[in-house]
Amino acid sequence: MGNTGRLMNSSAWLRLGIATLLAMGLFGPPQALAQVPARFYLKTLAGANAVPLIYESISGNTNPFDPSHTINKLGDDSADFDADMALAGYAHTFSLFDRAAMAAILVPMGRISGEVNVPGKGSINKSASGFGDPMLEFDINILGPPAQKNIPDAMRYEPGFSVDLLADLALPIGEYDSDQPLNIGQNRWYGRLGMPIIWQLGPWVPGQRTTLELLPAVWFFGDNDDYVGLTMETDPLFQLDAHLSRDFTEHAWGALDFAWFNGGKATIEGQEPGEKLDNMGLGITLGYQVNDNLNLTFGYKSILNDDDPEDLSMDMFMVTLVYGWHPLIEGSKRLQNEK
């Protein structure tokens with residue numbers, strides 16, 4: 001009887017641990033603030049799946065659907081945008097060359113409104129709605145624990161000091177109207193190369209887990225050759241994300257989030273509508289494990305040095321609901337229910 005109880009407790013702990021990693025470690029929106037949440041790149045059992053539903057309310061002086069965050073000025077003042085963004089997608093983990101890997105797709109949709117200044121055409125009040133550019137992501141671990149191929153591997157997992165290689169690519173198929181400057185789709189290819197880093201601080205025990213995470217990355221942008229009849233070019237944008245996360249209980253955790261953006265200067269037909277970015281953002285994230293498959297997070301982020309009209313300004317509130325599952329874990333639950 002004692003052995004049976006220990007086996008059931010071990011199985012329940014495993015389900016909780018893997019479900020937690022599935023729900024909090026597989027998805028985050030790359031567009032808004034060009035930032036993913038804490039614990040996004042934690043690893044879990046190969047063959048895991050996740051589907052997110054994400055809602056964001058965003059205000060600021062840039063189009064949040066565009067990760068270049070080109071700042072739009074109206075004379076001596078900043079432009080003012082309001083947006084509601086929803087994102088849905090799918091992620092799958094697998095083993096590649098004995099290393100943990102993940103492939104994902106995320107599709108943004110929503111509406112945005114604001115006043116935009118177009119060189120040679122003045123300011124224009126516009127709004128847009130619909131589907132944005134789908135984002136594909138591939139991530140593979142290059143330093144850290146080997147891929148988790150079975151349940152014992154998953155039970156032994158600790159991130160330690162881990163380093164990944166990351167590649168994102170946006171497909172320019174979102175809704176775009178060349179007659180207006182404000183759009184959900186961006187009418188150009190863009191993507192990101194990065195190196196996610198996870199540093200485990202202290203024991204890896206549910207309720208006591210602490211991580212320091214860094215994501216240095218560079219965004220690259222193709223030209224938009226039909227920006228209201230003009231050509232817009234954008235310099236590469238350097239991004240650094242940092243997260244300090246800590247478990248409050250076995251089911252709840254929180255994180256302090258930091259972001260720095262540098263570069264991304266835009267040129268429209270030889271004219272420069274704004275300076276290159278050099279801005280920092282700060283935020284907080286709270287996560288809660290609802291059950292073995294469902295995770296809920298709340299987050300708020302804001303740009304700090306946004307006093308001047310040419311400074312990036314953005315405030316974002318985000319709610320994320322993620323459903324994660326793995327065939328082995330679901331099979332284990334069915335067997336226990338039958339007992």
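The values are calculated or read from the model by the stated rules, or taken from the named source; none is laboratory data. Values in this document were obtained by computation on a predicted structure and should not be read as measured data. A quick note on method: Cβ atoms are made from the backbone with ideal geometry, for glycine too, and the neighbour counts reach across all protein chains shown. Calculation scope for accessible area: heavy atoms of the full protein, side chains included, ligands and nucleic acids excluded. Shrake-Rupley method; radii C 1.70, N 1.55, O 1.52, S 1.80 Å.
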Any residue in the stretch 318-339 that's part of a helix (DSSP H, G or I) and of a type in the set (A, V, I, L, M, F, W, C): show its pairings with residues that are open to solvent by 50 Å² or more (accessible area, probe 1.4 Å) and modelled with pLDDT of 85 or more at Cβ separation under 9 Å, as long as the two are six or more apart or on different chains. 328/150
With 99, 156, 192, 209 as the choices, which residue is closer than 23 Å to residue 63 by Cβ and among the basic types (Lys, Arg)? 192
Residue within the stretch 259-280 that is small (Gly, Ala, Ser), part of a strand (DSSP E or B) and under 30 Å from residue 226 (Cα atoms) present: yes
Among the candidates 282, 335, 328, which residue alone is open to solvent by 40 Å² or more (accessible area, probe 1.4 Å), over 15 Å from residue 39 (Cα atoms) and touching a helix residue (DSSP H, G or I) at 6+ places or on another chain (Cβ under 7 Å)? 328
Residues that are more than 22 Å from residue 163 (Cα to Cα), open to solvent by 30 Å² or more (accessible area, probe 1.4 Å), part of a strand (DSSP E or B) and in contact with a Pro (Cβ under 9 Å, 6 or more places away or on another chain): does the stretch 223-235 have at least one? yes
Select from the stretch 65-86 the residues that are in a strand (DSSP E or B) and open to solvent by 50 Å² or more (accessible area, probe 1.4 Å) and write down the one among them that is modelled with the highest pLDDT. 82
On the given criteria, is residue 166 closer than 28 Å to residue 286 by Cα and open to solvent by 50 Å² or more (accessible area, probe 1.4 Å)? no
Any idea which residue in the stretch 285-299 is farthest from residue 237 (Cα to Cα), counting only those that are under 17 Å from the mean Cα position of the chain (by Cα) and surrounded by 17 or more Cβ atoms within 10 Å (Cβ to Cβ)? 295
Could you tell me whether the stretch 300-311 includes any residue that is in contact (Cβ under 8 Å) with a residue 40 or more places away in the chain and open to solvent by 50 Å² or more (accessible area, probe 1.4 Å)? yes
Please find, among 196, 206, the residue that is at pLDDT below 90 and either open to solvent by 60 Å² or more (accessible area, probe 1.4 Å) or not polar (S, T, N, Q) (or both). 206
Would you confirm, using the coordinates I've provided, whether residue 186 is surrounded by 15 or more Cβ atoms within 10 Å (Cβ to Cβ) and part of a strand (DSSP E or B)? no
Picking from 248, 238, 220, 258, the residue that is without any contact (Cβ under 8 Å) to a residue 60 or more places away in the chain, at negative phi, aromatic (Phe, Trp, Tyr) and touching a His at 6+ places or on another chain (Cβ under 9 Å) would be 258
Quick check: is even one residue across the stretch 256-271 surrounded by 20 or more Cβ atoms within 10 Å (Cβ to Cβ) and under 18 Å from residue 42 (Cβ atoms)? yes
The number of residues in the stretch 149-183 that are out of contact with any Phe, Trp or Tyr (no Cβ under 6 Å at 6 or more places or on another chain) and part of a loop (DSSP other than H, G, I, E, B) is 14
